[in-house]
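Read through the structure below, which is laid out as structure tokens, and then see the notes.
The values are calculated or read from the model by the stated rules, or taken from the named source; none is laboratory data. Remember, it's a predicted structure, so these values are computed and weren't measured experimentally. Here the Cβ is made from the backbone with ideal geometry for all residues, glycine too, and neighbour counts use every protein chain on show. Heads up: the accessible areas ignore ligands, DNA and RNA and are worked out on the full protein's heavy atoms, side chains in. Shrake-Rupley method; radii C 1.70, N 1.55, O 1.52, S 1.80 Å.
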Amino acid sequence: MNNRKISQYEDLLRDVRTNGQRGDDRTGTGTISVFGRQIRFDLDAGFPLVTTKRVHFKSIALELLWFLSGDSNARWLQDRGVTIWDEWANEDGNLGPIYGVQWRSWPAPEDRAIDQIEQLIKSLRANPESRRHVVSAWNPASLHQMALVPCHVLFQFHVSQGRLSCQLYQRSADMFLGVPFNIASYSLLTMMLAQQLDLEPGEFIWTGGDCHIYLNHLEAVDRQLERSPYPNPQLTFNRKPPAIFDYQYEDISLLDYRHHPLITAPVAV
Ligand SMILES: Nc1nc(=O)c2c([nH]1)NC[C@@H]1CN(c3ccc(C(=O)N[C@@H](CCC(=O)O)C(=O)O)cc3)CN21
Ligand SMILES: O=c1ccn([C@H]2C[C@H](O)[C@@H](COP(=O)(O)O)O2)c(=O)[nH]1
């Protein structure tokens, strides 16, 4: 079965490497890209953290907790040693109303704010069979204020046979640096929600729009593609926090993460 393989990410990376078309992009770096791809991960077959290079899980987990807290200032991350948003932040750490703000306080008329995560949890509890468990970060009225418009734009949860699944639509996908983060981040979110709702984690389905490799990542990608994936690590929680907003980094344990050495490459700004 495709969703129980351990090489979905590497297979897609190879697909883009082989079939990507040369093009220019906003950052001036240049890419090879394909449009429209999907990969799926069975979350009871281990945690889908890429093993063909070292991926810094702590940055991923802290970024997710930062989104969930509704914060969009990079200071909170910087105070915890996470530097992945530095290039886009101004001198005060400000990034404008990016993910955290749209998830937790989407601006609505009459100065109201919509907490999409709170509503999501309520709807998953009250009406698990609903086909409307959707969260959107793409707010056309706020895009001009954001340091970077959302890449992971919309996600939907689905409950079937006691299992909670998630599908993400990512409009733009930096295959080498961003996608390993995005897969792990949404898989972790799905496992946290499943724990809160007393459901089993189901599948994480990643759907990508423009899937690209930056030209200055090609050598790094070629090195990575010579490597064979290891079995997935396991992810467990050390306690059940009272609510989805109460998780701390220390509540999350990543076990048996066997990986190949780090491969570094510059991020395109
Ligand atoms: N071009 C680009 N690619 C991205 O993936 C990306 C952006 N821009 N802008 C916004 C966020 C920031 N994200 C980032 C930014 C940097 C790394 C990065 O440099 N990763 C290194 C080091 C990780 C660390 O310091 O923890 C890596 O080896 O994975 C990863 C994701 C994902 N996003
Ligand atoms: O979570 C993320 C955030 C960003 N990216 C990548 C995708 C692109 O390479 C850039 C964004 O540039 P746009 O011109 O706005 O598409 O950042 C990612 O892969 N994952």
Count of the stretch 52-74 residues which are away from ligand 2 (no atom under 16 Å from the Cβ) and touching an Asp or Glu at 6+ places or on another chain (Cβ under 9 Å): 3
Among the residues of the stretch 1-12, what is the count of those that are assigned to a helix (DSSP H, G or I), at pLDDT 95 or above and more than 17 Å from P201 (Cβ to Cβ)? 4
Any chance P233 is within 16 Å of ligand 2 (Cβ to nearest atom) and either surrounded by fewer than 18 Cβ atoms within 10 Å (Cβ to Cβ) or in contact (Cβ under 8 Å) with a residue 12 or more places away in the chain (or both): no
Selection from the stretch 177-193 of residues that are in contact (Cβ under 8 Å) with a residue 40 or more places away in the chain and more than 8 Å from ligand 1 (Cβ to nearest atom): I183, A184, S185, S187, L188, L189, T190, M191, M192, L193
Inside the stretch 97-151, the number of residues satisfying the requirement of being of a type in the set (A, V, I, L, M, F, W, C) and within 30 Å of Q161 (Cα to Cα) is 10
Could you tell me which numbered condition I183 fails, if it satisfies all but one of (1) within 16 Å of I39 (Cα to Cα); (2) among the β-branched types (V, I, T); (3) in contact with a Gly (Cβ under 9 Å, 6 or more places away or on another chain); (4) open to solvent by less than 20 Å² (accessible area, probe 1.4 Å)? (3)
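Conditions (1) within 16 Å of ligand 1 (Cβ to nearest atom); (2) in contact with a Gly (Cβ under 7 Å, 6 or more places away or on another chain), marked per residue:
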{"residue": "I84", "(1), (2)": "yes, no"}
{"residue": "A89", "(1), (2)": "yes, no"}
{"residue": "N94", "(1), (2)": "yes, no"}
{"residue": "R104", "(1), (2)": "no, yes"}
{"residue": "D111", "(1), (2)": "no, no"}
{"residue": "Q119", "(1), (2)": "no, no"}
Matching entry among L168, L189 (being assigned to a helix (DSSP H, G or I) and closer than 27 Å to F237 by Cβ): L189
Do we find that F245 is touching a residue at least 60 places away in the same chain (Cβ under 8 Å), of a type in the set (A, V, I, L, M, F, W, C), touching a Cys at 6+ places or on another chain (Cβ under 7 Å) and within 24 Å of E129 (Cα to Cα) in this structure? no
Working carefully through the options N94, N127, find the one that is farther than 26 Å from Q196 by Cα, without any contact (Cβ under 8 Å) to a residue 60 or more places away in the chain and open to solvent by 20 Å² or more (accessible area, probe 1.4 Å). N94
(1) open to solvent by 70 Å² or more (accessible area, probe 1.4 Å); (2) within 16 Å of ligand 2 (Cβ to nearest atom) all hold for I213 apart from (1)
Matching residues in the stretch 250-269 (more than 16 Å from ligand 2 (Cβ to nearest atom) and either among the aliphatic types (A, V, I, L, M) or open to solvent by less than 60 Å² (accessible area, probe 1.4 Å) (or both)) number 9
F155 being assigned to a loop (DSSP other than H, G, I, E, B) and either at pLDDT below 95 or aromatic (F, W, Y) (or both): no
I'd like the residue in the stretch 13-51 that is in a helix (DSSP H, G or I) and within 13 Å of ligand 2 (Cβ to nearest atom) and, out of all such residues, is nearest to the chain's Cα centre (by Cα). L13
